[in-house]
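**Student:** Below you will find the structure I want to go over with you.
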Amino acid sequence: MLQARGRWLAMIILGAGVVAAFMLRFFDPATSGVFPPCPVRYLTGWYCPGCGSLRAMHQLLHGNLRAAWAMNPLTVTLLPFVMYGLASHALFEIRGRELPRTFLPAVWIRALCAIIVLFGIARNLPLHPLNLLAPGAMLHP
Amino acid sequence: MFCPQCGTNNADTAAVCVQCGRALQAAAPPALQQPGVVMPPGTSVQNYLVFAILATVFCCLPAGIPAIVYAAQVNGKLQGGDVAGAQAASKNAKMWCLISVGVFFAGFLVWGLLAMFGILGSLAHH
């Protein structure tokens, strides 16, 4: 019963992901109002570590790696790993099997957490090499 | 552990069979590729790291940060052999992921309503 629920949930989320990918392909979050703004940016005016990730994925869906990197290098770097992890989770819910995975030592996860937080801080600083991390800044240096 | 060569029962930690001297640890399938990481066999505690990263970096939700911290705690406790502690941390990681999901849908709803009122407002102007 619980397994069937997990399977349906996984299928619904997968379907929503495909719809979201199509939306992202056809609507540019930079120019269209289809996508909601980042809540952190909207409420505080600061860039969060995830700001620009939708625009980055839009650019990736059009094959523009450079533009995607400029929007959010962290998203572009983490995307393959997150896709792999999501695929593994979905496969587990639907088929009961996982993709092969390695055990991440806690130090690595803490380091990743530190990178995410520091990246979020750095892209808000008005110092020259760091301010290039703000969404799109690398395209207009 | 039973020796695959002669069938003698050995201690699980034995490197070689006490009866015939066959290497035992090499015969066992390697549970983990990572050297230096000790994980109790047969334990897998969900750390929800993928969802935590998804919330933080892909959905702009800072509630994912505590989820990442707890994910690190899950794996840290597993490395130390503390399965109960890992399960407790796992529960917390899951909770913060669910909070992120809640905030996501709440924000989506608010944004949708604001957009709708915006459209209605601009229609009223015309």
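**Student:** Of the residues A:Phe27, A:Phe35, which single one is within 13 Å of chain B (Cβ to nearest Cβ), of a type in the set (A, V, I, L, M, F, W, C) and touching a helix residue (DSSP H, G or I) at 6+ places or on another chain (Cβ under 9 Å)? Give the derivation first.
**Tutor:** On the way: A:Phe27 fails: within 13 Å of chain B (Cβ to nearest Cβ).
Result: A:Phe35 is the single residue among A:Phe27, A:Phe35 that is within 13 Å of chain B (Cβ to nearest Cβ), of a type in the set (A, V, I, L, M, F, W, C) and touching a helix residue (DSSP H, G or I) at 6+ places or on another chain (Cβ under 9 Å).
**Student:** Another question about this same structure. Looking only at the stretch B:45-75, count every residue that is more than 20 Å from A:Pro37 (Cα to Cα), within 9 Å of another protein chain (Cβ to nearest Cβ) and in a loop (DSSP other than H, G, I, E, B) and tell me the total.
**Tutor:** Adding up the residues that qualify gives 1.
**Student:** Take the residues of the stretch A:110-130 that are in a helix (DSSP H, G or I) and in contact (Cβ under 8 Å) with a residue 24 or more places away in the chain: which is farthest from A:Trp69 (Cα to Cα)?
**Tutor:** Keep residues of the stretch A:110-130 that are in a helix (DSSP H, G or I), which gives A:110-122, A:128-130.
Checking the rest, the ones that are also in contact (Cβ under 8 Å) with a residue 24 or more places away in the chain come to A:115-117, A:119-120.
Values: A:Ile115: 16, A:Ile116: 15, A:Val117: 18, A:Phe119: 14, A:Gly120: 15 Å.
The qualifying residue farthest from A:Trp69 (Cα to Cα) is A:Val117.
**Student:** Further question on the same structure: Within the stretch A:15-39, track down each residue that is surrounded by 15 or more Cβ atoms within 10 Å (Cβ to Cβ), modelled with pLDDT of 85 or more and in a helix (DSSP H, G or I).
**Tutor:** A:Met23, A:Leu24
**Student:** Can you tell me which residue within the stretch B:44-78, out of those that are buried (at least 24 other Cβ atoms within 10 Å of the Cβ) and of a type in the set (Gly, Ala, Ser), is nearest to the chain's Cα centre (by Cα)?
**Tutor:** Residue satisfying both the conditions and the ranking: B:Ala71.
**Student:** I've got another one for you. Does B:Leu78 qualify as being part of a helix (DSSP H, G or I), closer than 18 Å to A:Gly17 by Cα and not hydroxyl-bearing (Ser, Thr, Tyr)?
**Tutor:** On the way: part of a helix (DSSP H, G or I): yes; closer than 18 Å to A:Gly17 by Cα: no; not hydroxyl-bearing (Ser, Thr, Tyr): yes.
Taking the combined requirement at face value, the residue does not satisfy it.
The values are calculated or read from the model by the stated rules, or taken from the named source; none is laboratory data. Keep in mind the model is a prediction, meaning the values are calculated, not measured. Reconstructed Cβ throughout: ideal geometry from the backbone, glycine too, with neighbour counts over all protein chains shown.
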